[in-house]
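All remarks here apply to the structure that follows.
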């Protein structure tokens, strides 16, 4: 059971790092996706803050992903990951109901997918993995020294940086290049 719990924790941590890194590369684009969820009456007052909100979400994903990857035995992080996963599922559900066909930007510029049933299904799988990841792992099961924690933190940074670099490359390459490089691929 420990292997399944650690596998779920690691997979979700890496997904958070990829999503956060890709969002950092295009905060305005992700801010436009956030705008879909702001009530029309509030939009004039918060329109200038959408990029700040996008940065906050991206930073939360990066920090949670890095911490979860580096310190898998810390129990409260599991609840933070579960809360994020539930939030993603709510956004996917509301997006499907209200904004079907609009870009979700769940993985920043790394995805061209829109809100749809597949997005909802993937969010629910993420919730299920997050529930599995709440399983307890005894610190004795994971004996990581300071060097291992630092290496995991460096790996987390490398994953996020790679996602940001890839997203930025896709943003500058234009849609025709993306279609040539990734035919039929849905991320």
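Things to note:
- Flag if residue 179 is modelled with pLDDT of 95 or more, out of contact with any helix residue (DSSP H, G or I) (no Cβ under 7 Å at 6 or more places or on another chain), assigned to a helix (DSSP H, G or I) and under 30 Å from residue 97 (Cα atoms): no
- Residue count for region 34-50 under the criterion of being crowded, with 16+ Cβ neighbours inside 10 Å and assigned to a helix (DSSP H, G or I): the result is 2.
- Search result, residues across region 63-102 that are more than 15 Å from residue 12 (Cα to Cα), part of a helix (DSSP H, G or I) and in contact with a helix residue (DSSP H, G or I) (Cβ under 8 Å, 6 or more places away or on another chain): 91, 92, 93, 95, 96
- Region 106-122 residues that are on the phi > 0 side of the Ramachandran plot and touching a residue at least 12 places away in the same chain (Cβ under 8 Å), paired with ones that are crowded, with 19+ Cβ neighbours inside 10 Å and part of a loop (DSSP other than H, G, I, E, B) (beta carbon under 6 Å, 6 or more apart): 108/26
Condition check ((1) out of contact with any strand residue (DSSP E or B) (no Cβ under 9 Å at 6 or more places or on another chain); (2) modelled with pLDDT under 90; (3) under 15 Å from residue 170 (Cβ atoms)) across all residues:
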position	(1), (2), (3)
101	no, no, no
105	yes, no, yes
112	no, yes, yes
116	yes, no, no
119	yes, no, no
126	yes, no, no
132	yes, no, no
136	yes, yes, no
139	yes, yes, no
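- Qualifying residue in region 74-87 (condition: within 14 Å of the chain's Cα centre (by Cα), within 20 Å of residue 27 (Cα to Cα), at pLDDT 90 or above and surrounded by fewer than 21 Cβ atoms within 10 Å (Cβ to Cβ)): yes
The values are calculated or read from the model by the stated rules, or taken from the named source; none is laboratory data. On a predicted model such as this, the values are computed, not experimentally measured, just so you know. Note that we place each Cβ from the backbone using ideal geometry, even for glycine, and neighbour counts take in every protein chain shown.
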